[in-house]
Amino acid sequence: MLYERFKKWIVAAELAMALVFTPILIGQGKKMIQIKGSDTMINLVQILAEEYMGKNPKATPIAVLGGGSGTGITALINGTTDIANHSRDLSPKETNQMWERGVKPRVFAIAVDGLSIIVNEKNPLNQLTMDQVGAIYRGDVKNWQAVGGPAQPISLYGRQSNSGTYAFLQEHVLKNKNYSPDVKEMNGNAQIIEGVAADAAAIGYAGVGYVVDKATGKPMKGLKILNIAKDAKAQGYSPTDKAAVDSGNYPISRALFQSTNGKPGADAAAFLQFILGPEGQKIVEREGFYPIGAKYIEANTKNLK
Amino acid sequence: MTKQRLRNLKESAAKAFFFTNGILAIVVLLGIFVLLLASAVPAFREIRIKEFLTSAAWDPTSPVKAEYGILSMIASTVLVTVVAVVIAFPIGLGVAAYLSDVAHWRVREIVKPIVEILAGIPSVVVGFLGIVLLGPALAKLFGKTHGLNALNGAILLAVMALPTIISISEDSLNAVPSSYSEASLALGGSRWQTLIRVKIPAALSGIIAAFMLGMGRAIGETMTVLMATGNARAFPHGLLDSVRTMTSNIAIELGEVPYYTTHYYALFAIGLVLFIMTFGVNLVADVVLRKYQEREQ
């Protein structure tokens, strides 16, 4: 009886509650420095954060997440992260969006990476030119025979579109053309390395910090790191050759960046100074990447002010 | 208050409570549909629906021209789901028939809980097994260099859909009144004939429900296919091609896409297509069930 009378009110109350609760998204948590973005940089930045927190136990805790450079930059634009890790430059579209949302990015170069092209150790090739790598990843060349290898269809491994490494390769090696639709888009550097190590016809790409076994200094088990030459007449260089990466002789080298919205706050600035200082750069080298050179140091110091 | 009035009050309260919960299910479902629709429609301001549904090229971040065609992804989802159900259904029905008809009760006591445990394995773990165990095995079996393809995904999905299919089919077979099987056996039918001609048709509504739920599980599964199918954007030409299902694509791209861009809305549009597909599958199941029940009567 009572139930019959109140049926209408019950439905109304439920709809009202649904409408009220849905937009309430509580985004409060403990005060932490959030760092999101590049999968290439995630291990490096996690170790830097751990060492920093170890040396400064009273400092604000730091949380490092992945998701790819695109995800990190998006989070910076949306205001859901304090620092974005990215392994490529900001795109014009992103700069426009930041302008529209009132985000003024400050970009710090924290390390240098030699983007490595890897094949399975059973592959007889030792060197490729930039053009050949581009042609392979665009899908113009589909068989290893065309670049001097065995008669085997090329098995392509790559990252997904949220990856800075993917975007960097597309700009600098594929010359801003589309990737082949046959690229197997793996979920991170580690999966690419596993895939290439298990697949005799594979080719893949990853930051140099991932492809070198830090204990032995040799390529990871099952991988071969190719020398890359600027063109058919030039000499090929390895990404493990520090001098080649520094001088630009290795054609696919790039800086790894961290960006903040405006001048970094006191906590974030302290962490950045640790990374850019001698201790942080030593950790960068230990993790298989290269420390930043003079031109980046100057720009960084300016941005910290 | 009199005893009678107190009783009436309790009755009303109980009815109201159940009514509230019943309505809640509908409110939630409607809410999801409205959210999907509201977030998907803005995509079609910039993308033509015909291109969205019939183009096989998906490349929203292309520096050349942004492409928003989901045909390859629809084909991949359908391929992986259909093969998974084709593998899982006979095995599932077979196991269910074995457990309900043939097995000794002690065997049943052991096997049934094991099947339920199979349902509890996280999809990430199944995906991991696909990469590490099934991938190399498939590569060796078919003479390819790697095993990250549609077949890998389909087999893993079959494994994940099996417990659902087995549980529900077995319960339906057990719910068939024993008078049916007794009558069949008394009239001279063999146990096989009883199973195929009497028990399974009698339990058909439950078995179709099992089939539909298994298929629903397979269509919506994300993590397993994300890890084990290779995520290549090309249109699949066979079971040994790397594929990218609609669910994997949403999982891959939703994190990186800036809010309220065409790409963002397009991902919700994919979600809407997925929702409609699942809804359609359930609708067909419902119609088939009803027609069969009418025929029964």
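Quick note: the coordinates plus some simple rules give every number you see, no bench work behind them. These figures come from a predicted structure and were not determined experimentally. Here the Cβ is made from the backbone with ideal geometry for all residues, glycine too, and neighbour counts use every protein chain on show.
Counting beta carbons within 10 Å around each of B:82, A:208, A:107 and listing the fewest first gives the order B:82, A:107, A:208.
Near residue B:4, once Lys and Arg are set to +1 and Asp and Glu to -1 for all other residues with Cβ below 13 Å from its Cβ, the sum equals +3. Per residue, the convex hull around the alpha carbon atoms of the stretch B:3-45 comes to 39 Å³.
Evaluated on the stretch B:142-190, the Kirkwood hydrodynamic radius is 14.3 Å, with distances taken between all distinct Cα atoms.
Tell me the net charge near residue B:92. Cut-off is 13 Å between Cβ atoms, residue B:92 excluded, with +1 for each Lys or Arg and -1 for each Asp or Glu.
Residues close to residue B:92 contribute a combined charge of -1.
Counting only residues at least eight positions apart within a chain, or on another chain, the lysines with an alpha carbon under 18 Å from that of residue B:144 are A:122, A:142, A:184. Centre-to-centre separation between the Cα atoms of the stretch A:275-305 and those of the stretch B:137-200: 61 Å. Remark: spin-label model distance residue A:294-residue B:26 equals 7.6 nm, labels positioned 7 Å along the Cα→Cβ axis. Just so you know, the Rg over Rh for the stretch A:166-305 is 1.00, from Cα atoms, with Rh as the Kirkwood radius.
Once the gyration tensor of the Cα atoms in the stretch A:57-119 is diagonalised, the equivalent ellipsoid follows with semi-axes of 22, 20, 11 Å, ordered largest first. Counting only DSSP beta bridges with both residues in chain A, the antiparallel share comes to about 65 percent.
Computed over the alpha-carbon pairs of chain A, the distance histogram in 20 Å steps reads 31, 49, 15, 5, 0 percent, short to long. The label point for residue B:132 and the one for residue B:237, both projected 7 Å from the Cα toward the Cβ, are 3.4 nm apart.
Taken along its three principal axes, the alpha carbon spread of chain B comes to 72, 69, 36 Å, from the longest extent down to the shortest. Taking every DSSP bridge with both residues inside the protein assembly as shown, close to 65 percent are antiparallel. Of all segments of chain B bounded by chymotrypsin sites (Phe, Trp or Tyr not before Pro) found in a DSSP loop with no more than 12 other C-beta atoms within 10 Å, the longest spans B:1-258. Long hydrophobic helices in chain B, taken as whole DSSP H segments with a C-alpha length of 18 Å or more on their own axis and mean Kyte-Doolittle hydropathy at least 0.0: B:3-40, B:71-97, B:105-119, B:150-175, B:204-220, B:262-296.
For chain A, the membrane-span-like helices by this rule, meaning whole DSSP H stretches whose C-alpha atoms cover at least 20 Å of axis and whose Kyte-Doolittle mean is 0.5 or above, are A:2-21; this says nothing about an actual membrane. Listing B:81, B:229 from fewest to most neighbouring C-beta atoms within 10 Å gives B:81, B:229.
Where only DSSP H runs of four or more residues are counted, chain A gives -12500 deg cm²/dmol as its mean residue ellipticity at 222 nm, each run worth -39500 (n - 2.57). Ordering A:173, A:65, A:155 by Cα displacement along the dipole of chain A toward the positive end leaves A:65 in first place; charges were set at the Cβ atoms of Lys, Arg (+1) and Asp, Glu (-1). Each listed q (0.06, 0.07, 0.08, 0.11 Å⁻¹) maps to a log10 I(q)/I(0) for the protein assembly as shown, found by the Debye formula over equal Cα scatterers with no solvent: -0.42, -0.56, -0.70, -1.14. Out of every Cα-Cα pair that the stretch A:40-152 contains, those further apart than 24 angstrom amount to 50 percent. Note on residue A:104: lysines with a C-alpha under 16 Å away, same-chain residues under 8 apart excluded, are A:93, A:263, A:302, A:305. The trypsin sites (Lys or Arg not before Pro) of the stretch A:184-225 that meet both conditions, a loop assignment by DSSP and at most 15 other Cβ atoms within 10 Å of the site Cβ, are A:214, A:221. When we measure straight from the Cα of residue B:291, which lysines land under 26 angstrom away, once same-chain ones fewer than 8 places off are left out? By straight Cα distance, residue B:291 reaches B:199.
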